[in-house]
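Student: First the structure, which I've put down as structure tokens, then a few questions once you've had a look.
The values are calculated or read from the model by the stated rules, or taken from the named source; none is laboratory data. Keep in mind it's a predicted model, so treat the numbers as computed, not measured. Note that each Cβ is placed from the backbone with ideal geometry, even for glycine, and that neighbours are counted across all protein chains shown. Accessible surface is based on the protein model in full, side chains and every heavy atom, while ligands, DNA and RNA are left aside. Shrake-Rupley method; radii C 1.70, N 1.55, O 1.52, S 1.80 Å.
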Protein chains: 2
Amino acid sequence: MTSPGITPPARPTFADIEDAARQITGVAHRTPVATSRTLNTRTRAQLFFKCENLQRAGAFKFRGAYNALSRFSADAGKCGVLTFSSGNHAQAIALAGQVLDIPRVIVMPSDAPAVKRRATEAYGGEVILYDRSTGDREAIGRRIAEERGLTVVPPYDHVDVIAGQGTAARELLEDVGSLDFLFVPCGGGGLLSGSAITCRALAPGCKVIGVEPAAGDDATRSFRTRELQTVHNPQTVADGARTPSLGTLTFPLVLNYVSDMMTIDDRTLLETMFLLWERLKMVVEPTGALGAAAALHGPQQIAGARVGIILTGGNVDFSDLPRWIGTNSTP
Amino acid sequence: MTSPGITPPARPTFADIEDAARQITGVAHRTPVATSRTLNTRTRAQLFFKCENLQRAGAFKFRGAYNALSRFSADAGKCGVLTFSSGNHAQAIALAGQVLDIPRVIVMPSDAPAVKRRATEAYGGEVILYDRSTGDREAIGRRIAEERGLTVVPPYDHVDVIAGQGTAARELLEDVGSLDFLFVPCGGGGLLSGSAITCRALAPGCKVIGVEPAAGDDATRSFRTRELQTVHNPQTVADGARTPSLGTLTFPLVLNYVSDMMTIDDRTLLETMFLLWERLKMVVEPTGALGAAAALHGPQQIAGARVGIILTGGNVDFSDLPRWIGTNSTP
């Protein structure tokens, strides 16, 4: 069943995701699945946490980045890649390019977390900063790419990137069997789209729920109104989900394959993040805790259900901790 | 070879540790081993982190506690167990008793981390508080035990407890093969003794290094002087290693089977802890980072070596974070 009036793109298909899974084998980590008796008891459900915070470069983004870069022609690989990203996609492109020996330029907002910028540079990426409040990262990036003959790999609106991201849900379903729900953080919708395509193929009864920070609720509004909505520079601790809107590929994919969208306020998000740190002993970044926050606090009736949750990343700038603890009531 | 003049106790032997390994199978977690390319590059060594922060109740202590309690006679089990502990052993006894349906009383200092006290109570342990600066936990505990007919299982100076703790190193050696070094945090020396017995049997060339916080350096001084030294209520962030001295079993075991002892100051310890959070994406408590701090900052020449490190626990009270960040220069 597709959504009337808005046709999903021809690609990526689940075959593209299977192809991506072969492409990244032995290079990306097959990340573990964590469980917690305490959180199962609290929710009266079986929760399966896919630990993409343990992925190379600390986030699921390496899957899509490596899948995309490893398909470059020899000529394109020699010239190099350019991307624009608030952080984790930048690190992923920087590392994937390092593995594949492809030069890489990263256009990054000047207020991106320092830890993400340092890591990008440590992987040998050339970082170009811009002012998020005045510049358009996509326009800046495309101009530089044209000048230097670089191939642009954007953070989500790209067939190979979406296909790569879809491999995380595929591994999760392979490891734990079928699911009733899958909660997926949503920024530009690449992971959400890939996850939804995978579930449609492997677990058609599984409800895929996309989760955004409340301040950056563009995808939720787009889902409800069936028209593409945008946000401008939203203020949220979920820095990985501050993207202005879904993309030309991810918007119709989300409309057609995702069951529902929901939002989480920053206070609930930080409480959930610290709860994951405490119970799973796992460092998850705020954006990475969106899915868990939705499972714990959302309207879905998950009692008795088998619930997948993608912990998308673990790249925390610990200098943010005092601010987070001030915001948050729990610790 | 044993240390001249100070004979090690007849038990526990490595056979006791193998017996403990059978006893805890299917109840304790077989914890994973983490690695980090970044930390390997930095040390030019191969580091293998045994993740006891992912053990049940968040620390290696469950191994010894369950091994001890599961050997209680039916009568002793009906009456119950008492222990005294600054935290992780308390939680471990509380949980092991819950699993085995044995009543349990925990004598705990009133300034123990709130998260550890809450967790102990959540596992159904009866907590009795005492003032660390004036009371003697052992005397208080033994008096209550006598009054109520409870069996005392102390945190480290106990054959079954030491044997249980020795199973962590046994799993590590089974999983990664032989090691040149094993760095082990030391409070009362239970884990260190058990680890050293295991290495003597399975990897006799492996140097076992015990690591203490600088403020609680009693075991290091005891090791150097070959006379039992004590500390009184040392002020350190490594709350799991504030024990006053080695025990009557662990002192001779450490003297005979441990290669060297060293200390780590609190600032270096917290820097290392945050580094583990950042690179391993793993929540490790300060005490749990002692071994890693020694591997990264100690005098041992580990370049080129295969190095085991036991991450002993992950029970962090996040309300301590602002204080820790104030102490620490890195984040």
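Student: With no solvent and one equal point scatterer per Cα, compute the Debye intensity ratio I(q)/I(0) for segment B:1-142 at 0.18 Å⁻¹ and report its log10, rounded to two decimals.
Tutor: Per q value, in the given order, log10 I(q)/I(0) is -1.06.
Student: If you don't mind, another one. Once fully extended, how much extra length lies between residue B:200 and residue B:148, figured as 0.36 nm per residue of separation less the alpha-carbon to alpha-carbon distance?
Tutor: Stretched fully, the residue B:200-residue B:148 segment lengthens by 14.7 nm.
Student: Still on this structure, I have one more. Say R0 is 35 Å: what FRET efficiency, to the nearest 0.05, do residue B:99 and residue A:126 get from their beta-carbon distance?
Tutor: So the FRET efficiency works out to roughly 0.05.
Student: Which FRET efficiency, nearest 0.05, do residue B:297 and residue B:225 yield, Cβ-Cβ r, R0 25 Å?
Tutor: The value I calculate is 0.55.
Student: Still on this structure: Considering only DSSP beta bridges with both partners in the protein assembly as shown, what is the antiparallel share in %, to the nearest 5?
Tutor: Around 10 percent antiparallel, to the nearest 5.
Student: If a/c stays under 1.5 just call it rounded; otherwise compare a/b with b/c (prolate if a/b is bigger, oblate if not). Do that for segment A:215-331, with a ≥ b ≥ c from the square roots of the Cα gyration tensor eigenvalues.
Tutor: Taking the square roots of the gyration eigenvalues as a ≥ b ≥ c, segment A:215-331 is oblate.
Student: For the residue pair residue B:267 and residue B:6, what label-to-label distance in nm results when each label sits 7 Å from Cα along the Cα-to-beta-carbon direction?
Tutor: Roughly 3.2 nm, to one decimal.
Student: Which shape class applies to segment B:62-152: rounded if a/c is under 1.5, otherwise prolate when a/b exceeds b/c and oblate if not, where a ≥ b ≥ c are the square roots of the Cα gyration tensor eigenvalues?
Tutor: Here segment B:62-152 falls in the oblate category.
Student: On to the next question. So what is the relative contact order for chain A, in percent, with contacts set as C-alpha pairs under 8 Å and at least six apart?
Tutor: 22 percent
Student: Moving on. May I ask you to list the lysines whose Cα is less than 19 Å away from that of residue B:281, ignoring any residue fewer than eight positions away on the same chain?
Tutor: Hits, sequence-local ones excluded: A:50, A:61, A:116, A:281, B:50.
Student: If you count only protein heavy atoms and use a 1.4 Å probe, how large is the accessible surface of residue A:266, to the nearest 10 Å²?
Tutor: Its heavy atoms expose roughly 40 Å² to the probe.
Student: Then there's this: May I ask you to list the trypsin sites (Lys or Arg not before Pro) in segment B:208-262 that are in a DSSP loop and have at most 16 other Cβ atoms within 10 Å of their Cβ?
Tutor: B:226
Student: I'd like the mean, over residues of B:309-319, of how many other protein chain beta carbons sit within 10 Å of each residue's own Cβ.
Tutor: Across B:309-319, the average partner-chain Cβ count within 10 Å equals 3.
Student: If you don't mind, there's one more thing I want to ask. Nm distances between the label at residue B:267 and the same-position labels in the remaining copies, 7 Å along Cα→Cβ, shortest first?
Tutor: Copy-to-copy label distances for residue B:267: 3.8 nm.
Student: On to the next question. Given label points at 7 Å from Cα along Cα→Cβ, what nm distances, shortest first, separate residue B:44 from the same residue in every other copy?
Tutor: 6.0
Student: Under 18 Å from a point 7 Å along the Cα-to-Cβ line of residue A:15: which residues of segment A:138-164 have their amide N that close?
Tutor: A:159-164
Student: So which trypsin sites (Lys or Arg not before Pro) in segment B:44-74 are both in a DSSP loop and have at most 12 other Cβ atoms within 10 Å of their Cβ?
Tutor: Those satisfying the criteria are B:44.
Student: Can you give me the C-alpha center-to-center distance between segment A:226-259 and segment A:45-102, rounded to a whole angstrom?
Tutor: Segment A:226-259 and segment A:45-102 have Cα centres separated by 20 Å.
Student: Can you give the local net charge around residue A:277? Use residues other than it whose beta-carbon is closer than 12 angstrom to its beta-carbon, Lys and Arg +1, Asp and Glu -1.
Tutor: -2
Student: Right, here's the next one. Do me a favour and compute the ellipsoid semi-axes for chain B from its Cα gyration tensor, root of five times each eigenvalue, largest one first, whole Å.
Tutor: 28, 22, 19
Student: Assign one of three labels to segment B:133-264, namely rounded, prolate or oblate, based on the Cα gyration tensor with a ≥ b ≥ c the square roots of its eigenvalues; rounded applies when a/c is under 1.5, prolate when it is not and a/b is larger than b/c, and oblate otherwise.
Tutor: Because a/c hits 1.5 or more and a/b fails to exceed b/c, segment B:133-264 counts as oblate.
Student: So for segment A:62-152: antiparallel DSSP bridges make up what percent, rounded to the nearest 5?
Tutor: 0 percent
Student: Short version: ³J(HN,Hα) in whole Hz for each residue of segment A:179-191, in order, from phi by Karplus 6.51 cos²θ - 1.76 cosθ + 1.60 (θ = phi - 60°), x for Gly and Pro, what are they?
Tutor: Each residue of segment A:179-191 in turn: 10, 8, 9, 9, 9, 10, x, 10, x, x, x, x, 5 Hz.
Student: Have a look at the DSSP beta bridges in chain B and tell me what percent are antiparallel, nearest 5.
Tutor: Percentage antiparallel, nearest 5: 10.
Student: Another one. How large is the Kirkwood hydrodynamic radius of the protein assembly as shown, in angstrom, based on all distinct alpha carbon pairs?
Tutor: For the protein assembly as shown, inverting the mean 1/r across all distinct Cα pairs yields 26.0 Å.
Student: Got the relative contact order for segment A:253-331 handy, in percent, Cα pairs under 8 Å and 6 or more residues apart?
Tutor: Across segment A:253-331, relative contact order equals 33 percent.
Student: Ok, one more. Distances from residue A:177 to the same position in the other copies: list them in nm, one decimal, shortest first, using label points 7 Å from Cα along Cα→Cβ.
Tutor: Spelled out, the distances from residue A:177's label point are 3.6 nm.
Student: Run the reach check for residue A:207 against aspartates and glutamates, Cα to Cα strictly under 15 Å, same-chain hits fewer than 8 apart removed. What comes back?
Tutor: A:180, A:260
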